[in-house]
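Chemist: First, the structure itself, so that you have it in front of you.
The values are calculated or read from the model by the stated rules, or taken from the named source; none is laboratory data. These figures come from a predicted structure and were not determined experimentally. Using ideal geometry, Cβ is built from the backbone for each residue, glycine included, and neighbour counts are taken over all protein chains shown. Accessible surface areas use protein heavy atoms only, side chains included; no ligands, DNA or RNA. Shrake-Rupley method; radii C 1.70, N 1.55, O 1.52, S 1.80 Å.
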Amino acid sequence: MNKSRAVLLVLILGTPLMAWLCLILGSSGIGFPDLGTPIGKAIFSLRANRVAGGFIVGAALSCAGVVFQALLRNPLAEPYILGVSSGAGLGAAIAILTGLSAAGLAWLPGLAFVGAIITLTLVFTIAHDGGSPSVYSLILSGVIVSSVCSSILMFMVATAPVEGLHSVVWWMLGDLQPAGLPMLLTCGSFMLAGALALWSLSPELNAMTLGTETAHHLGIRTGLIMGIGLVLATMITAASVGLAGLIGFVGLIIPHVIRALVGPDHRRLIPAAALGGGTFLMLCDALARTLLAPREIPVGVITAIFGGPFFLLILRAKRRRGWMA
Amino acid sequence: MSAPALTFNAVTAGYRKTPILQDVSFTIPEGEIASIIGPNGAGKTTLLRVITGLVKPIRGTISLFGHPLENLRAAERARLVGVVPQSMETPMAFTVEEVVMTGMVRTANRFHPPTAEDRARVERAMAYTDVSDLRFRVYAELSAGEKQRVVIAMVVAQDPRLVLMDEATSHLDINHRLEIMTLVERINRDHGATVLMISHDLNLSAEYCRRLILLDHGRIVADGAPQTVLTEQQLKAVYHCDVNVQTAVGTGSITVTPARRWMPDRSGSGIRIHVVGGGGSAAEIMRQLNLCEYTVTAGALNAGDTDTDLATALGLEVAVEKPFSPITPATLDATRKLVTLADAVVVAGLPFGPGNVANLVLVQETLTAGKPVFLMRGIETRDFTPDHSATRLAESLRTSGAREWDTPADLLPLLPSRECKRTMN
């Protein structure tokens, strides 16, 4: 439909514009950094890192959210639903509290990613009962594994020294501190590959939202698609958690908003959600950096406070194209 | 001769090692419209799920158009078999066009936008099912009848050679039921698609299918033309309820109606009723008394009489006379024994002649002995005795306190019965 094409066009054209806007905002003042000076260069690379990081994390989270909602046919599904957040949180807490994160930049995202993957494997193993896992057993085992991880995390936080505690809490609120260009490139290409693979599954995702049996009747190997889709979505979520900690709201609400705007066809929905989610998080991070400059607000706080009311308005206006049940 | 659309060869299938289908074999030739009928839990849905590969057979083989089912890949299977489910719901706001397009999910190229050919196929499917005007409407907001048409359009776009209808009309009103079935008939005729439906609607199945397969407890009980499958005896045995099967003289169409339970909160359990009948006049009343849990006896009846056959089938005690013979004293004695044991006697709407008027004499004795007697009205019109003795006997029965009835519905409340709590089961 033409209207959804227009929305897609606005997103494609608007994203670079917003990226530019985010580049001229920062705690050191508003304006494009003077690339002639070393300080200007440093500020530029710092901001560019944050903007790029914000974009890829936001894009990955909302893509993953779209896929989780489609495969689990659940409007409350979000990237962290299978317990990835708690697993990654545990990994990150271990990195921070053992001091490994201070030893090298790669330790924190690395351990968070490993934690997420271990959690995912556990959830799938528990849910797998002979045949392909059902939606309910997946969600249930996700909740169980997640609770166990949270409890261990809470125990670690409760017994942690004060300075470590601060870092852990800060990380859990979501944090786009620059992780360095190599890390950005690694995570970015990983997420790009995952998102493209998910995009290529759009026809299957469309069919799956008509019901698993209908999809089966249309010739789709539902168990396989469910497995591939959930694993890919969880992997890119894990990568984003490693990079930026736990950022709520993006992966749950952006898919709903974009679906209300462009319709449920995943061939449009996935790229639109990636652009929308990326731009949204990028903007939120710019606000987080500048609102109380030089102090920073955790970006996870901004996403909900500013995004909430705005998206509520969109969802109310576009309810007819949103989630129907 | 091409391979049949569907062959079941001694298939046993079920869930978690509990077999639901037992040793089922049948063949559906290409181009047929057939219906699988049977009570809840008979295995109809399991059978359908076996065809679509959702349930793997424990034993036996299934082949689709000559291909063994287990060798078919998902995409290949979808080109052979499509399913119209009872209903399809999606929480997403897909438009009708998008839903129909999804029917081609395994034939369209995932990396290209739909080709002109794909679009034409969707257009044809929508035009065929008359949903073209709904194309931009949101599927989830359509009425149940419109939704089913869209689902059929999706299956037409899928273009399978065998269409399975899984209770596809059970949510629809009579008009839309007809509309969907007419559509299915056209798909069968125009596209040469074989149609196998599963339905609780016996009348609809009889109307549209030249072949019915009756399933009970996972086995095929009957397989053939509607008039051979839908017999009262067969249906009663399978559905455990009384049914009437009527064939319309003009159209030959068969109508099955479940007989009403006449006494929902009363029971004749432990009460004996003797029925005097013959020539099929007592069939309905014996059936209903039996359903109301009375202990029913009958006689004297001639062997070979419709009522005799039914009474025997119902397992009733009957005093039987030789075929086409007048009642002999020996048979009358046997009848008297039954009447003596009975708590009440019912005389059905049978014709009386010299051969059987002895029954009425026996009834008179019973009434004199103080047992309630219930006469069907109008003996005068059925009296073929030369001396009108039946009419006279009836007259004297009435004056001695026999009560009269017209239909079973009138009679049942008059009979002795005991109250029983209605149980939900």
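Chemist: Here is a list of conditions, (1) within 30 Å of A:VAL114 (Cα to Cα); (2) open to solvent by 20 Å² or more (accessible area, probe 1.4 Å), and A:VAL67 meets all of them except one; can you say which number that is?
Modeler: That leaves (2) as the condition not met.
Chemist: For segment A:243-291, what are the residues that are touching a Ser or Thr at 6+ places or on another chain (Cβ under 7 Å) and basic (Lys, Arg)?
Modeler: Within segment A:243-291, A:ARG267, A:ARG268, A:ARG289 qualify.
Chemist: For segment A:131-146, enumerate the residues that are touching a Ser or Thr at 6+ places or on another chain (Cβ under 9 Å) and either within 11 Å of A:GLY89 (Cβ to Cβ) or open to solvent by 60 Å² or more (accessible area, probe 1.4 Å) (or both).
Modeler: Residues satisfying the conditions are A:SER132, A:SER146.
Chemist: Of A:THR159, A:THR237, which residue is more than 14 Å from every other protein chain (Cβ to nearest Cβ), under 18 Å from A:VAL123 (Cβ atoms) and either open to solvent by less than 30 Å² (accessible area, probe 1.4 Å) or polar (S, T, N, Q) (or both)?
Modeler: None of the others qualify; the one that does is A:THR237.
Chemist: Moving on to the next point. From A:GLY188, A:GLY227, A:GLY174, A:GLY194, which residue is modelled with pLDDT under 85, more than 11 Å from chain B (Cβ to nearest Cβ) and open to solvent by less than 60 Å² (accessible area, probe 1.4 Å)?
Modeler: A:GLY174
Chemist: I want to confirm something. Restricting to segment B:122-132 and keeping residues that are more than 14 Å from every other protein chain (Cβ to nearest Cβ) and buried (at least 20 other Cβ atoms within 10 Å of the Cβ), which single residue is nearest to the chain's Cα centre (by Cα)?
Modeler: Among those residues, the one meeting the criterion is B:THR129.
Chemist: Return the residues of segment B:133-159 that are of a type in the set (Lys, Arg) and surrounded by 21 or more Cβ atoms within 10 Å (Cβ to Cβ); say none if nothing qualifies.
Modeler: B:LYS147, B:ARG149
Chemist: Surrounded by 17 or more Cβ atoms within 10 Å (Cβ to Cβ), over 23 Å from A:GLY26 (Cα atoms) and within 14 Å of chain B (Cβ to nearest Cβ): does that describe A:LEU165?
Modeler: So A:LEU165 fails the test.
Chemist: Please enumerate the residues belonging to segment B:266-293 that are touching a Gly at 6+ places or on another chain (Cβ under 6 Å) and under 15 Å from B:VAL347 (Cα atoms).
Modeler: B:SER281
Chemist: Let me ask something else. For the list (1) part of a loop (DSSP other than H, G, I, E, B); (2) within 29 Å of the chain's Cα centre (by Cα), I need the number of the one condition that B:SER2 fails.
Modeler: Among (1) part of a loop (DSSP other than H, G, I, E, B); (2) within 29 Å of the chain's Cα centre (by Cα), B:SER2 violates only (2).
Chemist: A further question follows. Only one of these is among the charged types (D, E, K, R), within 14 Å of another protein chain (Cβ to nearest Cβ) and open to solvent by less than 30 Å² (accessible area, probe 1.4 Å): A:ARG259, A:ARG221. Name it.
Modeler: Only one candidate passes the filter, namely A:ARG259.
Chemist: With the requirement that a residue be surrounded by 22 or more Cβ atoms within 10 Å (Cβ to Cβ) and under 26 Å from the mean Cα position of the chain (by Cα), what does segment B:273-287 give you?
Modeler: Within segment B:273-287, B:ALA282, B:ILE285, B:MET286 meet the criteria.
Chemist: In this structure, does B:MET181 turn out to be surrounded by 17 or more Cβ atoms within 10 Å (Cβ to Cβ), under 22 Å from the mean Cα position of the chain (by Cα), touching a residue at least 24 places away in the same chain (Cβ under 8 Å) and part of a strand (DSSP E or B)?
Modeler: So B:MET181 does not fit the description; no.
Chemist: Which of the residues that make up segment A:284-302 are under 16 Å from A:LEU46 (Cα atoms), among the hydrophobic types (A, V, I, L, M, F, W, C) and surrounded by fewer than 24 Cβ atoms within 10 Å (Cβ to Cβ)?
Modeler: Residues satisfying the conditions are A:LEU287, A:ALA293.
So that you can scan it fast, the table gives a plain yes or no per residue for (1) under 22 Å from the mean Cα position of the chain (by Cα); (2) free of Cβ contacts under 8 Å to residues at least 24 places away in the same chain:
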| position | (1), (2) |
| --- | --- |
| A:LEU8 | yes, no |
| A:PRO16 | yes, yes |
| A:LEU25 | no, no |
| A:PRO33 | no, yes |
| A:GLY40 | no, yes |
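Chemist: Pairs needed: first member in segment B:133-144, away from chain A (no Cβ under 11 Å); second member anywhere, outside any helix (DSSP H, G or I) and among the polar types (S, T, N, Q); C-beta distance under 8 Å; at least 6 residues apart or different chains.
Modeler: B:ALA144/B:SER87
Chemist: Right, something else. Restricting to segment B:101-121, what's the tally of residues that are more than 9 Å from chain A (Cβ to nearest Cβ) and under 13 Å from B:VAL155 (Cβ atoms)?
Modeler: Matching residues across segment B:101-121 total 1.
Chemist: Something else now. Restricting to segment A:262-275, give me the number of residues that are open to solvent by less than 10 Å² (accessible area, probe 1.4 Å) and in a helix (DSSP H, G or I).
Modeler: Residues in segment A:262-275 being open to solvent by less than 10 Å² (accessible area, probe 1.4 Å) and in a helix (DSSP H, G or I): 6 in total.
Chemist: Enumerate the strands (runs of 3 or more DSSP E) found wholly within segment B:23-100, keeping only those where 2 or more residues are touching a residue at least 24 places away in the same chain (Cβ under 8 Å) and within 14 Å of chain A (Cβ to nearest Cβ).
Modeler: Result: B:81-84.
Chemist: If a residue must be open to solvent by 10 Å² or more (accessible area, probe 1.4 Å), over 26 Å from the mean Cα position of the chain (by Cα) and among the polar types (S, T, N, Q), how many such residues does segment B:288-310 contain?
Modeler: Number of matching residues: 2.
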